[in-house]
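Asks: Dropping a structure here in structure tokens format, bear with me for questions.
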Amino acid sequence: MIVEALKELGITNDFAVDADVETEEHYKRSFKDISGENRFIEWSKVKSKMDELQAEYDAKSYARARASQYPSITDVVVALAEKEEGNDTAWQEITAQRAKVKADNPKP
């Protein structure tokens, strides 16, 4: 998360930092600006951006859960084709499956 935070704060390349940074001391120890420009962003700003990014990620957990449970595109296409041909059994199953996924993983 720290790499994404630093990039969003404007340090987009030529740096190194431990991926598991959770404290100011660790951040100060591990951040290396290899651009030669001596760039450094205060921990409070980095931590705030990390918290913001984590909140955004957490808010979309329902979408990630749904994506893995929805029927495949192939199944949907086949069901639509069969429905067009007069047999809507597969389409009804797809619709029921989608409704269950949404009910099991509601939006916050």
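The values are calculated or read from the model by the stated rules, or taken from the named source; none is laboratory data. Since the model is a prediction, treat every value here as computed from it, not as a measurement. Neighbour counts run over all protein chains shown; Cβ positions are idealised from the backbone, glycine included. Heads up: the accessible areas ignore ligands, DNA and RNA and are worked out on the full protein's heavy atoms, side chains in. Shrake-Rupley method; radii C 1.70, N 1.55, O 1.52, S 1.80 Å.
Asks: Residues in segment 71-78: is at least one under 24 Å from the mean Cα position of the chain (by Cα), loosely packed, with under 12 Cβ neighbours inside 10 Å and over 30 Å from LYS7 (Cα atoms)?
Replies: Looking for residues that are under 24 Å from the mean Cα position of the chain (by Cα), loosely packed, with under 12 Cβ neighbours inside 10 Å and over 30 Å from LYS7 (Cα atoms), one finds at least one in segment 71-78, hence yes.
Asks: Continuing with this model, one more query. Residues LYS32, LYS60, LYS28, LYS49: which one is under 30 Å from ASP104 (Cα atoms) and either touching a strand residue (DSSP E or B) at 6+ places or on another chain (Cβ under 7 Å) or basic (Lys, Arg) (or both)?
Replies: On the way: LYS32 fails: under 30 Å from ASP104 (Cα atoms); LYS28 fails: under 30 Å from ASP104 (Cα atoms); LYS49 fails: under 30 Å from ASP104 (Cα atoms).
None of the others qualify; the one that does is LYS60.
Asks: Restricting to segment 79-90, and then to whatever is more than 25 Å from ASN105 (Cα to Cα), part of a helix (DSSP H, G or I) and not aliphatic (A, V, I, L, M), can you tell me which residue is least open to solvent (accessible area, probe 1.4 Å)?
Replies: Residues of segment 79-90 that are more than 25 Å from ASN105 (Cα to Cα), as a first pass: 81-88.
From what's left, part of a helix (DSSP H, G or I): 81-84.
Pick out the ones that are also not aliphatic (A, V, I, L, M) and you get 82-84.
Details: GLU82: 63, LYS83: 95, GLU84: 156 Å².
The qualifying residue least open to solvent (accessible area, probe 1.4 Å) is GLU82.
Asks: Shifting gears a bit: From GLU56, GLU93, grab the single residue that is over 28 Å from VAL3 (Cβ atoms) and among the acidic types (Asp, Glu). Let's see the steps before the verdict.
Replies: Numbers: GLU56 fails: over 28 Å from VAL3 (Cβ atoms).
Testing whether each residue is over 28 Å from VAL3 (Cβ atoms) and among the acidic types (Asp, Glu) leaves just GLU93.
Asks: Looking only at segment 1-28, count every residue that is of a type in the set (A, V, I, L, M), buried (at least 16 other Cβ atoms within 10 Å of the Cβ) and not in a loop (DSSP other than H, G, I, E, B) and tell me the total.
Replies: Number satisfying all stated conditions: 3.
Asks: Could you list all residues from segment 29-47 that are open to solvent by less than 100 Å² (accessible area, probe 1.4 Å) and assigned to a strand (DSSP E or B)?
Replies: Correct list: ASP33 only.
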